[in-house]
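Accompanying notes for the structure given below.
The values are calculated or read from the model by the stated rules, or taken from the named source; none is laboratory data. Worth saying up front: this structure is predicted, and the values here are computed from it rather than measured. Neighbour counts run over all protein chains shown; Cβ positions are idealised from the backbone, glycine included. Only protein heavy atoms, including side chains, enter the accessible area calculation; ligands, DNA and RNA are left aside. Shrake-Rupley method; radii C 1.70, N 1.55, O 1.52, S 1.80 Å.
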Amino acid sequence: MFGAIAPVQSDDARLARDILEQSDQIRFPRESFQVDVSVVTTAPDQPADMHKFRVLSKGNENSVVMTTEPASERGQILLMKGRDLWIFMPSVSQPVRLSLSQRLTGQVANGDLARANFTGDYIPTILRTDNIGGEKYWVLELIGVDRSVTYHKVLYWVRQSNFWPHRAEFYSLSNRMLKTSRYENFEMSLGKLRPTRLVMEDALRQGEESVLEYSGMKLRDLPDKTFTKDYLKKLDQ
């Protein structure tokens with residue numbers, strides 16, 4: 001009897017995963033960190049809407065998203081552990097379970113802020129290489145590891161020269177494009193040039209978009225107890 005033979009990962013599969021991992025590290029550090037995010041959503045014939053959040057993240061698997069503005073929503077906290085997500089609201093005694101794909105504000109899903117970890121959520125394949133403005137980009141197809149991830153499928157453009165994320169398209173389970181995003185305004189933060197602006201556009205309703213601006217990123221020692229339901233009320237905003 002022969003023992004089971006482990007599947008051999010192809011060179012292409014290894015390269016695709018390496019590209020995704022390096023691009024993830026451009027977007028956010030591996031270490032525990034804090035960052036402030038403002039989200040301005042605009043739509044035709046609608047007043048602009050602004051929300052502000054403070055995100056605490058540890059190891060890409062644990063995060064807390066605290067709403068700091070508007071004042072009427074201050075105190076709402078999202079807690080993510082792995083791909084499990086809860087929301088704590090001051091008016092409700094127990095945290096409520098949510099999905100990563102539910103809308104947080106504008107074009108932004110819960111998972112866009114709470115779990116920006118493509119490597120942990122998707123299996124990447126290199127589809128092709130695109131030439132944009134004289135630069136070569138890998139085009140990765142990312143398929144969700146299960147149905148709990150934020151999007152079923154993502155097409156993701158990564159610059160070959162430095163692994164910078166360029167743009168992404170997000171798809172539903174029925175393969176309908178939901179929205180697109182552009183990564184902009186690369187600035188030095190914690191030793192790397194990182195995108196500080198993310199523009200998310202609705203693929204179904206023209207003219208509707210959310211602009212995420214990241215600021216104040218800093219490393220922060222976050223003990224494991226920070227990411228527990230019992231600790232949410234104690235978090236200092």
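Here are the numbers:
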quantity: Pick from region 144-164, criterion touching a Pro at 6+ places or on another chain (Cβ under 8 Å) and closer than 23 Å to Leu204 by Cα, ranking: surrounded by the most Cβ atoms within 10 Å (Cβ to Cβ); calculated: Tyr156
quantity: Whichever residue in region 165-183 is without any contact (Cβ under 8 Å) to a residue 60 or more places away in the chain and touching a Phe, Trp or Tyr at 6+ places or on another chain (Cβ under 6 Å) and, among such residues, is nearest to Gly207 (Cα to Cα); calculated: Leu178
quantity: Residue in region 199-208 that is surrounded by the fewest Cβ atoms within 10 Å (Cβ to Cβ), counting only those that are closer than 10 Å to Thr180 by Cα and touching a residue at least 40 places away in the same chain (Cβ under 8 Å); calculated: Glu201
quantity: Condition met for Leu193 (more than 20 Å from Ile19 (Cβ to Cβ), open to solvent by 30 Å² or more (accessible area, probe 1.4 Å) and not small (Gly, Ala, Ser)); calculated: no
quantity: Members of region 204-225 that are at pLDDT 95 or above and among the small types (Gly, Ala, Ser); calculated: Ser210, Ser215, Gly216
quantity: Residue that is closer than 23 Å to Ala16 by Cβ, out of contact with any helix residue (DSSP H, G or I) (no Cβ under 7 Å at 6 or more places or on another chain), modelled with pLDDT of 90 or more and of a type in the set (A, V, I, L, M), where the choices are Ile126, Ile143; calculated: Ile143
quantity: Positions within region 94-111 being of a type in the set (A, V, I, L, M, F, W, C) and either over 17 Å from Val39 (Cα atoms) or in contact with a Gly (Cβ under 9 Å, 6 or more places away or on another chain) (or both), in sequence order; calculated: Val96, Leu98, Leu100, Leu104
quantity: Test: residue in region 209-216 that is hydrophobic (A, V, I, L, M, F, W, C) and closer than 29 Å to Ser91 by Cβ; calculated: yes
quantity: Counted residues, region 167-179 - those being more than 17 Å from Ser23 (Cβ to Cβ) and either crowded, with 17+ Cβ neighbours inside 10 Å or of a type in the set (Lys, Arg) (or both); calculated: 4
quantity: Near pairs, Cβ below 7 angstrom, 6+ apart or cross-chain, from region 36-56 (at pLDDT 95 or above and part of a strand (DSSP E or B)) to any residue that is crowded, with 17+ Cβ neighbours inside 10 Å and among the acidic types (Asp, Glu); calculated: Thr42/Glu209
quantity: Pairs where the first residue, in region 148-163, is polar (S, T, N, Q) and the second is modelled with pLDDT of 95 or more and open to solvent by 20 Å² or more (accessible area, probe 1.4 Å), C-beta under 7 Å, 6+ apart; calculated: Gln160/Lys136; Gln160/Trp138; Ser161/Glu135
quantity: Qualifying residue in region 6-23 (condition: β-branched (Val, Ile, Thr), touching a residue at least 60 places away in the same chain (Cβ under 8 Å) and assigned to a strand (DSSP E or B)); calculated: no
quantity: Count - residues of region 181-237 that are in a loop (DSSP other than H, G, I, E, B) and charged (D, E, K, R); calculated: 5
quantity: Total residues in region 6-58, condition closer than 30 Å to Leu127 by Cβ, of a type in the set (S, T, N, Q) and surrounded by 13 or more Cβ atoms within 10 Å (Cβ to Cβ); calculated: 4
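Per-residue answers, yes or no, for (1) over 20 Å from Tyr214 (Cβ atoms); (2) open to solvent by 30 Å² or more (accessible area, probe 1.4 Å); (3) of a type in the set (A, V, I, L, M):
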residue	(1), (2), (3)
Arg83	yes, yes, no
Val96	yes, yes, yes
Ser99	yes, yes, no
Asn110	no, no, no
